[in-house]
1. Just grab the label-to-label distance for Asp189 and Asn57, each label 7 Å out from Cα along the Cβ direction, in nm (one decimal).
2. Just grab the label-to-label distance for Val140 and Ser126, each label 7 Å out from Cα along the Cβ direction, in nm (one decimal).
3. Would you mind checking the pairs Lys228/Lys267; Lys141/Lys168; Lys28/Lys264 and listing those with alpha carbons more than 30 angstrom apart?
4. What does the highest-first list of 175-181, 252-258 look like by mean Cβ count within 10 Å?
5. Please go through region 207-261 and write out the trypsin sites (Lys or Arg not before Pro) that DSSP classes as loop and that have at most 15 other C-beta atoms within 10 Å.
6. Between Lys168 and Lys228, with labels modelled 7 Å along Cα→Cβ, what's the label distance in nm to one decimal, could you check?
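Please treat every number below as a calculation from the coordinates, not as lab data. Everything numeric in this text was worked out from a predicted model, so none of it was measured. Here the Cβ is made from the backbone with ideal geometry for all residues, glycine too, and neighbour counts use every protein chain on show.
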Amino acid sequence: MPAFLAIMALLLTKQQDCRSDGACRLVKPQAGTSAQNPCFSPDGSQLIYTVWKGGYNIAPAGMYRVSTNEPALRSIDSARLVDDGSSSVNLPGSCWSRNGISVSSIEPSFSPTADRIVYERSISDSSAEIWIVNLSDGSVKQLTTGFQDRQPNWSPVEDLILFQRMTKSGFRLCTIRADGSDLTIITPDSIAATDAVFSPNGKSIAFSMERADIAGASIAIIPTIGAKSSSDIRRITTAVGYDGAVSFSPDGNFLAFETSTDVKATKPTSIYVIALNSTNNALSPTATKSGAVAGFTCGIALLLVTLLI
């Protein structure tokens, strides 16, 4: 079943926990835990996500999955992938990694040809570099140094790598070629940008945006070539609170993300899914006054069940 139809079948199951901006809850974590960093499987049939046991970003953490083809995985055991007491953390939109003790090689992302992996190498909270490892011979190449560069993500269609860099104005998004050339800052200093991922066709980038006139953080989209100003940025979610760790569905019609009503992003989060609107060349949900999503422009009602794990 195509990813779009599979997700629609799931959403039509039951109406529950939908926001006024059209986003609906997919995973509700157990009390005291935090569900974060959703990632669609390549065929769209599953979401992989992290459960932090002590609350938002508080270890230990485990990897879990939820199906978009079948009814909710209601048992923790049936949804568990990796949960051995360590800190196994998912990279939104890509795959997962385990934090090291002194040097962390984390946040891996495959090249389009799957012969190389780009990753973040960190020796402290304030120092991080972007590296590439060649899977055929194990050789490594350092792409950046001297900055706090985090969360690399490889374009699905070309040798272009996306990452976030700490600057005086906060985190800004950058792109760089796999050979180390063409380093470009692609977001303006009027916003802070994190948790960035490419769209499946590589033409757009979704990320978590903080802006002076917005309480908390919203999901936004820009062209891969970048945004010169805030007017070039398309804001996708509009609810007050924190929205982050975004992931595209394989067909590009949906975004999954972690969310909390806490604007400071310190409280446990849930996993929500939103359909992209017509401005983004996809389907457009219509929100009712109660916050439930009433339908798409194509006439299909969008309703979503909360998945209790």
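1. Here the modelled spin labels are 2.4 nm apart.
2. 2.3
3. Working: Lys228/Lys267 33 Å; Lys141/Lys168 27 Å; Lys28/Lys264 20 Å.
Checking Cα-Cα distances, Lys228/Lys267 exceed 30 Å.
4. Values: 175-181: 15.3, 252-258: 25.4.
Order by mean packing, descending: 252-258, 175-181.
5. Details: sites: Arg211, Lys228, Arg234, Arg235; in loops: Lys228.
Of the trypsin sites (Lys or Arg not before Pro), the ones in loops of region 207-261 whose Cβ has at most 15 other Cβ atoms within 10 Å are Lys228.
6. 2.3
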